[in-house]
Amino acid sequence: MEVTAARRSFLCDIGFWADRTSLHEAASHGRALHLKQLIETGASVNMVTVDNITALHEACIQAHPNCARLLLEAGAQVDVRTIHGSTPLCNACASGSLECAKLLLEYGAEVNPSLTALTASPLHEACIQGNIDVVKLMIASGAQLEAYDVHFGPPLHIACVKGRVDCVKELLLSGANVNSVKFHETALHHAAQLNMVNMTDLLVQFGANVYASDNQGKRPVDYTTAASPSHTCLKFYESHPLSLQQLCRITLRKMLGTRASEVIGQLDTSHHIRSYLQYSDHPTPV
C-alpha cells in the first residue's frame with residue numbers, strides 16, 4: 001500500500017496518516033520553535049504514521065517536554081495509542097522524563113491504560129528505566145501495583161529483573177505484594193538469579209517466602225552459587241526465621257495495604273517505632 005499524506009487512517013480515527021511528517025521530525029529532535037511554526041501554519045498535531053505514532057509520542061520518546069507542551073496546547077490527543085498499544089505516558093516513563101510525565105498527567109493522561117500483549121504499563125516502563133522519581137509519580141497518581149504484564153508479570157518483578165533496588169523498595173513501601181508470582185516465579189527468584197544480596201535481603205525483610213518453588217521446583221537459593229553472598233543470605237534465612245517483631249511489622253503493613261505509609265506516618269507513637277514500621281532503619285543499599 002502506498003503511503004501518502006491525507007489518507008484516512010485504518011488504525012484509528014484521530015486524523016490522517018503519513019509516513020513521517022515535518023511535525024514528527026521537529027518533535028523528535030526537540031526543535032520547539034520549528035514545531036511552533038508548523039502548528040501555527042496549520043499542521044495537524046494528530047497526524048499519525050502507519051504505526052500510529054503521533055508527534056506527541058515522538059516528543060515523549062525523546063524526552064522533550066517543551067515540544068510535548070506545544071502539542072498538547074494545540075489539541076494533541078493525550079492517550080492516543082501506537083499500533084503496539086503504547087501511550088505517550090508509556091513513552092515518557094520509558095525515557096525517564098519526569099517533566100513529560102507530569103505534563104501528560106496534567107492533561108488527563110490515563111495512568112493505568114489497558115495492557116496488551118505488546119505493551120507494558122507506564123509503571124512497568126518506569127521500573128524498567130529505573131527513574132525513581134518517575135516511579136514515585138506513577139504510584140502517587142494511582143498506578144496499579146499489581147498490573148500484570150504477560151512478559152514481565154507485575155512491576156515488582158521487572159524492577160527486580162533490572163536490578164532497580166530503589167524502585168523495588170518504593171514498590172514494597174507502597175504496598176506491592178512481595179510474594180506475587182509469574183509462572184510460580186517470585187521476585188525473590190529474580191533477585192537470587194542476579195546474585196544481588198542487597199535486593200535479596202530487602203525482599204526477605206518485607207516478607208518474601210524463601211521456600212517458594214517456581215515451576216521447575218526450585219527455591220530462590222537454588223539459583224545462587226555456593227558460598228556467594230546471596231547463597232549465604234538465603235541459607236541463613238532458611239535456618240533462621242524472622243523474629244516476632246519483624247513478623248508483626250510485615251503483618252501490620254500487609255493489613256494496611258497501599259495505605260501503610262500514610263497511616264503509619266500519622267501514628268501517635270515514638271519516632272523510633274514509626275521508623276521501624278517504615279523500614280527507615282533498613283536503608284536501600286547502594
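The values are calculated or read from the model by the stated rules, or taken from the named source; none is laboratory data. Keep in mind that this is a model prediction, so the values were computed, not measured. Neighbour counts run over all protein chains shown; Cβ positions are idealised from the backbone, glycine included. Ligands, DNA and RNA are excluded from the accessible area calculation, which covers all protein heavy atoms including side chains. Shrake-Rupley method; radii C 1.70, N 1.55, O 1.52, S 1.80 Å.
Considering each residue of segment 218-241 in turn, at least one proves to be farther than 23 Å from Glu170 by Cα, aliphatic (A, V, I, L, M) and open to solvent by 60 Å² or more (accessible area, probe 1.4 Å). For segment 1-49, taking the residues that are assigned to a loop (DSSP other than H, G, I, E, B), surrounded by 14 or more Cβ atoms within 10 Å (Cβ to Cβ) and among the polar types (S, T, N, Q), the one that is modelled with the lowest pLDDT is identified as Ser9.
Pull up segment 242-259, narrow it to residues that are aliphatic (A, V, I, L, M) and farther than 20 Å from Leu188 by Cβ, then point me to the one that is most open to solvent (accessible area, probe 1.4 Å). By that ranking, first place goes to Met255. In this structure, is Ala101 crowded, with 23+ Cβ neighbours inside 10 Å and at pLDDT 95 or above? The answer is yes for Ala101. Would you confirm, using the coordinates I've provided, whether Met196 is of a type outside the set (Ser, Thr, Tyr), under 25 Å from the mean Cα position of the chain (by Cα) and over 21 Å from Ile139 (Cβ atoms)? Taking the combined requirement at face value, the residue satisfies it. Going through (1) surrounded by 16 or more Cβ atoms within 10 Å (Cβ to Cβ); (2) out of contact with any Asp or Glu (no Cβ under 8 Å at 6 or more places or on another chain) one by one, Ala117 falls short only on (1).
The requirement of being within 25 Å of Ala140 (Cβ to Cβ) and outside any loop (DSSP other than H, G, I, E, B) is not satisfied by Glu238. A single entry from Arg274, Arg259 fulfils the requirement of being touching a residue at least 24 places away in the same chain (Cβ under 8 Å) and basic (Lys, Arg): Arg259.
Do the conditions hold for Ser86, that is, is it closer than 22 Å to Ala187 by Cα, buried (at least 19 other Cβ atoms within 10 Å of the Cβ) and hydroxyl-bearing (Ser, Thr, Tyr)? Spelling it out, it is not the case that Ser86 is closer than 22 Å to Ala187 by Cα, buried (at least 19 other Cβ atoms within 10 Å of the Cβ) and hydroxyl-bearing (Ser, Thr, Tyr).
If you go through segment 133-180 and pick out every residue that is within 21 Å of Ala212 (Cβ to Cβ), surrounded by fewer than 18 Cβ atoms within 10 Å (Cβ to Cβ) and either basic (Lys, Arg) or in contact with a Pro (Cβ under 9 Å, 6 or more places away or on another chain) (or both), you end up with 4. Only one of the numbered conditions (1) modelled with pLDDT of 95 or more; (2) buried (at least 18 other Cβ atoms within 10 Å of the Cβ) is not met by Glu73, and that is (2).
If the condition is being within 18 Å of Asp149 (Cβ to Cβ) and part of a helix (DSSP H, G or I), then segment 85-107 contributes Leu89, Cys90, Asn91, Ala92, Cys93, Ala94. Being of a type in the set (Asp, Glu) and either surrounded by 14 or more Cβ atoms within 10 Å (Cβ to Cβ) or touching a helix residue (DSSP H, G or I) at 6+ places or on another chain (Cβ under 7 Å) (or both) holds for only one residue in Asp214, Asp268, and it is Asp214.
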